[in-house]
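J.: Following this message is one structure expressed as C-alpha cells.
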Amino acid sequence: MKTLLATLFSLAAAAAFAQDAAPSVDTIVAQANRMSYYQGRNGRAKVSMTIKDSQGRARTREFTILRMDLEPAGATNDVFTGDQKMYVYFERPADVNKMAYLVHKHVDGRDDDRWLFMPGLNLVKRVAASDKRTSFVGSDFFYEDVSGRSP
C-alpha cells in the first residue's frame, strides 16, 4: 500500500512539474528564432553569392561579412538587446573589389544608418532608409537582408 501511494504521489508530482515546465508554442517559436538569429555575439562569414539573370547567365560575388553586437551598459544576459554593426567587404569580381557596405542597426526604432563605399569613384554614399528594400549589388537580396538582424 505504501509503495502504491508513493508511486501515485511521484506520478502526481511529475505531472505537476511537467505542466509547469511545458512551454507554450509562442515560447518555443521565440526560442527557436533567438537560437537561429542571435547565435553568438559577434560573427564572421565568407560568402559566395551567384546571381543569375533571366537568360541564365551567372555572376559570382565573393565578400566577407563581419558582425559586432553592441551591448547596452549593464547588460548581463545572453539575449541580444543592443545595437549591431555590420561590415561587408567585397573581394571578387574585379568590378566590385574593395567595395564596402557598413550598417549601424538600431533596436530602439530609429532608422538604421547605412553607407556604401565605391572605390572606383572614391565615393562614400549614404544609403537612405527608404532604400532598404532596393536590390543589393544586383541580386534578389535587399539591403535590409544583409543589414543584420532585428530583435
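J.: Counting other beta carbons within 10 Å of each Cβ, put 95, 131 in order, fewest first. Before the final figure, lay out each step's value.
T.: Details: 95 10, 131 15.
Taking fewest neighbouring Cβ atoms as first place, the list is 95, 131.
J.: Given points 7 Å out from each Cα along the Cα-Cβ axis, report the residue 70 to residue 42 separation in nanometres with one decimal.
T.: According to this spin-label approximation, the distance is 1.5 nm.
J.: Continuing with the same structure: Counting only residues 5 or more places away or on other chains, whose amide H sits under 5 Å from the amide H of residue 142 once H atoms are built in the peptide plane?
T.: For residue 142, whose amide H was placed from the backbone, the distant partners under 5 Å are 136.
Coordinate-derived values only; no laboratory data. Keep in mind that this is a model prediction, so the values were computed, not measured. A quick note on method: Cβ atoms are made from the backbone with ideal geometry, for glycine too, and the neighbour counts reach across all protein chains shown.
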